Amino acid sequence: EEEEEEEEDIDEEDEVLEDNLGEFLKDIHLDPDGVESFAFAYSIKHEHAGPISRQHFISGLREQDVDSWESLLTWAKRLRIQLKEPKMYRALYIWMFDYIKEANRKTIAKEYAEHLWSVMLPAVFPLYPKWTEFLDTKYESTVVKRDLWNCLYDFAIEIKDDLTNYDRHSGAWPVVIDEFYDFCAHSDANNNNQQTQEHQQQ
């Protein structure tokens, strides 16, 4: 029994506790609650959300040529700079779907997607507030498919804030994106009508 308890202790010690990881990220000036925490996992090739084993933690950093506290701080600073590059930011976003997805599933829960979108999209998607409103009022599914996940980022980057370069009838976007376009168009039309009425009353 004592041997079994020792083995369990070893297994538990082999996992980096989430609280400890958060403090560690703070120590190297990375935000433990934001994009940078995911960028850290992405960079050390942590494939699935959950505790990181000490072995993977160490080997992942060594692959980044981190072998001292000074080199660790330099690497973390470089990581923050890389996140400003569109190519890196998009790669991180695409990776996050598989990172959060449960094994043997092709979708992620809507609530997980909403949390990740709240972390990733505000910086690159001016229409993000309308997207959250659309999710709350019009999106009825409880899951998010990979196609929607990927295309939403492209939509955020490629389509103008006023949606004038969006082709509703091209068939190039998922149906949900078309529905979001309709939602925005309808919302804008209502706002314009309200403003017209208020102007006439003045």
Being within 21 Å of SER71 (Cβ to Cβ) and modelled with pLDDT under 90 is the filter; apply it to region 1-26 and report the residue that is most open to solvent (accessible area, probe 1.4 Å). ASN20
Lone qualifier among ALA172, ALA103 - being in contact with a His (Cβ under 9 Å, 6 or more places away or on another chain), in a loop (DSSP other than H, G, I, E, B) and open to solvent by 40 Å² or more (accessible area, probe 1.4 Å): ALA103
Any idea which of (1) under 11 Å from the mean Cα position of the chain (by Cα); (2) without any contact (Cβ under 8 Å) to a residue 40 or more places away in the chain is the one PHE155 doesn't satisfy? (1)
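Criterion first (open to solvent by less than 90 Å² (accessible area, probe 1.4 Å) and not hydrophobic (A, V, I, L, M, F, W, C)) does GLU114 satisfy it?
On the way: open to solvent by less than 90 Å² (accessible area, probe 1.4 Å): yes; not hydrophobic (A, V, I, L, M, F, W, C): yes.
So GLU114 fits the description; yes.
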Count of residues meeting criterion [under 24 Å from PRO86 (Cα atoms), surrounded by 12 or more Cβ atoms within 10 Å (Cβ to Cβ) and of a type in the set (D, E, K, R)] in region 27-65: 3
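How about region 42-71: which of its residues are of a type in the set (Gly, Ala, Ser) and touching a helix residue (DSSP H, G or I) at 6+ places or on another chain (Cβ under 7 Å)? Steps first, answer last, please.
First, the residues of region 42-71 that are of a type in the set (Gly, Ala, Ser): 43, 49-50, 53, 59-60, 68, 71.
Within region 42-71, SER43, ALA49 meet the criteria.
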Given the criterion more than 12 Å from the chain's Cα centre (by Cα), open to solvent by 30 Å² or more (accessible area, probe 1.4 Å) and among the basic types (Lys, Arg), identify the matching residue among ARG78, ARG90. ARG78
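Taking the criterion of being under 24 Å from ALA49 (Cβ atoms), open to solvent by less than 40 Å² (accessible area, probe 1.4 Å) and outside any loop (DSSP other than H, G, I, E, B), would at least one residue in region 178-187 satisfy it? Full working, then the answer.
Going through region 178-187, the residues under 24 Å from ALA49 (Cβ atoms) turn out to be none.
Scanning region 178-187 turns up no residue that is under 24 Å from ALA49 (Cβ atoms), open to solvent by less than 40 Å² (accessible area, probe 1.4 Å) and outside any loop (DSSP other than H, G, I, E, B).
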Answer yes if at least one residue in region 139-162 is among the small types (Gly, Ala, Ser), at pLDDT 95 or above, open to solvent by less than 40 Å² (accessible area, probe 1.4 Å) and on the phi < 0 side of the Ramachandran plot, and no otherwise. yes
Tally, over region 29-74, of residues that are more than 24 Å from HIS115 (Cα to Cα), in contact (Cβ under 8 Å) with a residue 40 or more places away in the chain and among the hydrophobic types (A, V, I, L, M, F, W, C): 3
Are any residues in region 75-100 among the charged types (D, E, K, R) and in a helix (DSSP H, G or I), and if so, which ones? LYS77, ARG78, ARG80, LYS87, ARG90, ASP98
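The values are calculated or read from the model by the stated rules, or taken from the named source; none is laboratory data. This structure is a prediction, so every number in the text was calculated from the model and none was measured. Using ideal geometry, Cβ is built from the backbone for each residue, glycine included, and neighbour counts are taken over all protein chains shown. In case anyone asks, the SASA skips ligands and DNA or RNA and just uses the protein heavy atoms, side chains included. Shrake-Rupley method; radii C 1.70, N 1.55, O 1.52, S 1.80 Å.
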